[in-house]
Amino acid sequence: MKKGWETKRLGDVLEKTETVNPAVLFPNAEFEYIDVSSVSNTTYIIEETQRLKGKDAPSRARKVVRTNDILLATIRPTLQRIAIVPEHLDKQVCSTGYFVLRPKQGIDHRFVFYWLFTGDFLGKMEHLQKGASYPAVTDGDVRAQAIPLPPLPEQRRIVGVLDEAFAAIATAKANAEKNLQNAREIFESHLNEVFARKGEGWVERRLGDICAFRNGINYTKESRGERIKIVGVRNFQQNFSVPLNDLDEVTIDGVLDDLDLLKPGDLLAVRSNGNVALIGRTLFADKIAGRISHSGFTIRIRLSSENVLPKYLCFFMKSPRTRTRLADGGTGTNIKSLNQGMLSALKIPLPPSGVQKAVATQLDALSAETRRLAAIYSRKLAALEELKQALLHRAFSGEL
């Protein structure tokens, strides 16, 4: 520890905070309620609040906050929902899902704020959190953590350095994220254009006229039978083809029916999921090795016509316009699940075989370039996060 620094228990450098029951204390008065979802874990600010009357306050609305208090969500603490209370939210109320840190005199609140992002603190929170569905730490867990403290002038100097460095990093991150988004949007825009400009010899066919469908298999933890690899919803993500090296192995009831085996050239679509945005997402079974099937949350699309190139069809299914048509079920309202009837009715623009191949080859090349750019921007984002942690480590080790 650098000379002049000391280590203290976090609870010893914080003021006590107040609790309140709005329904009892001011039932007809309005207040701003800061829910756990109010804090962004990318901007680290309170992005929105709910204006409520005291009598309408939820049971978790209990903690009074003051200007420059620091909010730390104790539910899934490693998600870093951390923010400083701005002046306009002084004396408002936050959820009991937050630990409220109010540093004593002689402690710079932004010094404490930055410390909450250190790998040391977050690692402790990850180790201490309990619960499977909603892992959380207690207020006591947070209070018990040790924080290194230099004299106040040094705290302020360190905060000034970190403010400047983190502002530059935030700008660099925003630019990288924008470039990443632009690369993906350019590819998706091209997908829409390719299938919109029909030429000579193009025809339109219903998907049900050129394909056969089969829902995926269901299984439980109690299933006892053959052990197979399965394609699940998590395998779709940004993938074009089935990620053979990242499939879960599951036990099914009995022995897998050959009708449920995936074959090269099959397509899979997400049938249902808690996240509506995933419904209709498509995956291509380019190469299949071994006995692989797919989960009941997906539908298999198998071509019955030799005049359609599977990869061409997959690119069409992945186009934003097609995804929108599938997601709203033709009604303009988001659907909760996709069925074989909806897929069957989908109309596909089909050019001659040679054009299908040329389109697929062109889109393959553009897709590869998009993935290359995405990898570059993703590495840059990861490097910026590593830089943040390196700066924080130096700052709280007295080396900044």
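The values are calculated or read from the model by the stated rules, or taken from the named source; none is laboratory data. Predicted model only: the values in this text are computed from it and were never measured. Positions of Cβ are generated from backbone atoms using ideal geometry, with glycine treated the same way; all protein chains shown enter the neighbour counts. Keep in mind that these areas ignore ligands, DNA and RNA; they rest on the heavy atoms of the full protein, side chains included. Shrake-Rupley method; radii C 1.70, N 1.55, O 1.52, S 1.80 Å.
Considering the chain as a Gaussian network with a 10 Å cut-off on Cα pairs, which listed residue, Val233, Val250, Val85, attains the greatest mean-square fluctuation? With Cα springs under 10 Å in the chain, the top fluctuation among Val233, Val250, Val85 is at Val250. The distance separating the Cα centre of region 110-167 from that of region 192-266 comes to 45 Å.
Straight-distance candidates among the lysines for linking to Lys63, with alpha-carbon spacing under 28 Å and chain neighbours fewer than 8 residues away dropped: Lys8, Lys16, Lys53, Lys55, Lys91, Lys104, Lys124, Lys130. For region 237-298, the C-alpha radius of gyration divided by 2.2 N^0.38 Å, with N the number of residues, is 1.14.
The lysine pair tally for region 192-302, using Cα distances under 18 Å and a gap of 8 or more places or different chains, is 4. For the chain, with a Gaussian network of springs between Cα atoms less than 10 Å apart, report the residue from Ser40, Ser223, Ser337 with the top mean-square fluctuation. Maximum among the listed residues: Ser223. When the helices of the chain are scored as -39500 (n - 2.57) per DSSP H run of n ≥ 4 and the total is divided over every residue, the value at 222 nm lands at -11500 deg cm²/dmol.
Among Ile292, Ile376, the sequence by solvent-accessible area, most first, with a 1.4 Å probe is Ile376, Ile292.
Comparing Thr96, Thr370, Thr282 in a Gaussian network model of the chain, where Cα atoms under 10 Å apart are tied by springs, the biggest mean-square fluctuation is seen for Thr96. Taking 0.36 nm per residue of separation and subtracting the current Cα-Cα distance, fully stretching the chain between Ala167 and Ser223 would add 14.9 nm. 3J(HN,Hα) along region 170-180, derived from phi through the Karplus expression 6.51 cos²θ - 1.76 cosθ + 1.60 where θ = phi - 60°, amounts to 4, 5, 5, 5, 4, 5, 5, 5, 5, 5, 5 Hz, with x in place of Gly and Pro.
The listed residues Phe315, Phe297, Phe166, once ranked by accessible area (1.4 Å probe) with the largest placed first, stand as Phe297, Phe166, Phe315.
Backbone N atoms of region 269-302 closer than 18 Å to the 7 Å Cα→Cβ label point of Leu261 belong to residues 285-295, 300-302. For region 20-127, the Kirkwood hydrodynamic radius from C-alpha pairs, put into Stokes-Einstein at 4 °C and a viscosity of 1.567 mPa s, yields a diffusion coefficient of 91 µm² per second. Loop sites here are GluC sites (Glu not before Pro) outside DSSP states H, G, I, E and B with no more than 14 other Cβ atoms within 10 Å. The longest part of the chain free of them is 49-199. For region 313-400, lysine pairs separated by 8 or more sequence positions, or belonging to different chains, with Cα-Cα distances below 20 Å total 5. The 3J(HN,Hα) values that the Karplus relation (6.51, -1.76, 1.60; θ = phi - 60°) gives for region 41-52 are, in residue order, 9, 10, 9, 6, 9, 7, 7, 7, 10, 10, 8, 10 Hz. Gly and Pro appear as x. Its Cα gyration tensor gives the chain an equivalent ellipsoid. The semi-axes, each the square root of 5 times an eigenvalue, are 51, 25, 22 Å from largest down.
Using alpha carbon coordinates only, what is the Rg to Rh ratio of region 166-243, with Rh defined as the Kirkwood radius? Answer for region 166-243: 1.16. Here the scattering of region 269-400 is modelled by Debye summation over its C-alpha atoms, one equal scatterer each and no solvent; at q = 0.09, 0.13, 0.14, 0.20 Å⁻¹ the log10 of I(q)/I(0) is -0.43, -0.73, -0.80, -1.24. With Cα atoms as the point set, the radius of gyration and Dmax of region 1-45 evaluate to 18.0, 54 Å.
Just how many % of Cα pairs in region 113-240 lie over 25 Å apart, if you round to the nearest whole percent? Across region 113-240, Cα pairs with separations above 25 Å total 68 percent.
To test your reading of the geometry: what angle, between 0 and 90 degrees and rounded to tens, separates the Cα axis of helix 119-128 from the longest principal axis of the chain? Computed tilt is about 80 degrees. Counting only protein heavy atoms and a probe of 1.4 Å, the accessible surface of region 14-74 is 46% carbon and sulfur. Taking every protein chain into account, the accessible area of the chain amounts to 52 square angstrom per residue (probe 1.4 Å).
Residue-wise HN-Hα couplings along region 132-143, as the Karplus relation 6.51 cos²θ - 1.76 cosθ + 1.60 with θ = phi - 60° gives them from phi, are 7, 6, 10, x, 8, 10, 9, 4, x, 4, 5, 4 Hz; Gly and Pro carry x. Exposed loop sites here are trypsin sites (Lys or Arg not before Pro) assigned a DSSP state other than H, G, I, E or B and surrounded by at most 12 other beta carbons within 10 Å; excluding them, the longest clear run of the chain is 105-196. A dipole drawn for region 104-193 from +1 and -1 charges on Cβ atoms has a positive end, and of Pro148, Asn192, Ala136 the residue lying farthest that way is Pro148.
Here, region 115-162 is characterised by an Rg to Rh ratio of 1.11, where Rg is the alpha-carbon radius of gyration and Rh the Kirkwood radius. Here the convex hull built on the C-alpha positions of region 82-177 has a volume of 155 cubic angstrom per residue.
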